[in-house]
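Remarks on the structure that follows.
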Amino acid sequence: MLPARTNTPDVITHDDEGRASTRIKLKRACNGCAQLLGDADNRDVDDRGNLTDVRAECPNCAPLVTLEQAGCRTWQLTVRNIGGVDRALDSYGIFAKGYWQPDVDGKNRVVGLRIGDGLDRQVAYFEDWIIRHPDGRIDIHRKPAAAPSA
C-alpha cells in the first residue's frame, strides 16, 4: 500500500510593498472523477512520462478498481465516447439509447445514456461510470457530488 499523500496548503506571503504572492504545491486529481487527492509526487508519472492510474487512492473510485479486478467491464460515460459505449453495450445485447432532457434554453440535449428497457432501465449521466458484471448485470456508479465552493 502506498503511503498517504500529504496535502500542502497554499502559502500566501506579502512583500515590503504589500504585494501578495502565493506558493502552491501541485495537486493530484483522480483519473476517474477528478477529486483532488493531495500533493503530486514521483509516483504519479511512469517511466514513459504518462500519468499513473490513482483511482485506487480515491474514496469514490476505489470500488471501481476492485470491480475491474473481479472481471467487470467499466466505462466512464462522456460526451466523446457515448457512441462507443452504446455500441459496446449493444454488442452484449443490452439496449442503450441517448437520454434527452431540456437545458436552460428549453432545447432538448443528450445528457446521458438510457440503458435497458421496461422497468429495469437505468440512466447513466455524463461522467457516471457504467459497470457490466460478468453475469451480465449493469450497474451505474454515480459521479461524486460537486464539492461546495469555498
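The values are calculated or read from the model by the stated rules, or taken from the named source; none is laboratory data. The model shown is predicted, which means the values in this text are computed figures rather than measured ones. In case anyone asks, the SASA skips ligands and DNA or RNA and just uses the protein heavy atoms, side chains included. Shrake-Rupley method; radii C 1.70, N 1.55, O 1.52, S 1.80 Å.
What relative contact order, as a whole-number percentage, does the chain give when Cα pairs under 8 Å and 6 or more residues apart are counted?
15
As I understand it, the value is the acute angle between the Cα axis of helix 82-91 and the longest principal axis of the Cα atoms of the chain; what does it come to in degrees, rounded to 10?
40
Could you tell me which of rounded, prolate or oblate describes region 53-142, using a ≥ b ≥ c as the square roots of the eigenvalues of the alpha-carbon gyration tensor, with rounded for a/c under 1.5 and, failing that, prolate when a/b is larger than b/c and oblate otherwise?
The shape class here is oblate.
At q = 0.12, 0.21 Å⁻¹, what is the log10 ratio I(q)/I(0) for the chain, with the Debye formula run over Cα points and no solvent?
Each listed q maps to, in turn, -0.68, -1.31.
I'd like the carbon and sulfur percentage of the solvent accessible area for the chain, probe radius 1.4 Å, heavy atoms only, ligands and nucleic acids excluded.
Answer for the chain: carbon and sulfur cover 52 percent of the accessible area.
Amide H of Y99: which non-local residues (sequence gap of 5 or more, or other chain) have their own amide H closer than 5 Å, using H built in the peptide plane?
V111, G112, L113, R114
Per residue, how much accessible area does region 46-150 have with a 1.4 Å probe, in Å²?
Value for region 46-150: 65 Å² per residue.
Mean-square fluctuation check for the chain, GNM, Cα pairs under 10 Å: which of W75, W129, W100 is largest?
Comparing W75, W129, W100 in a Gaussian network model of the chain, the most mobile one is W100.
Express in whole angstrom the spacing between the alpha-carbon centres of region 45-77 and region 1-32.
Using only Cα atoms to place each centre, the spacing works out to 25 Å.
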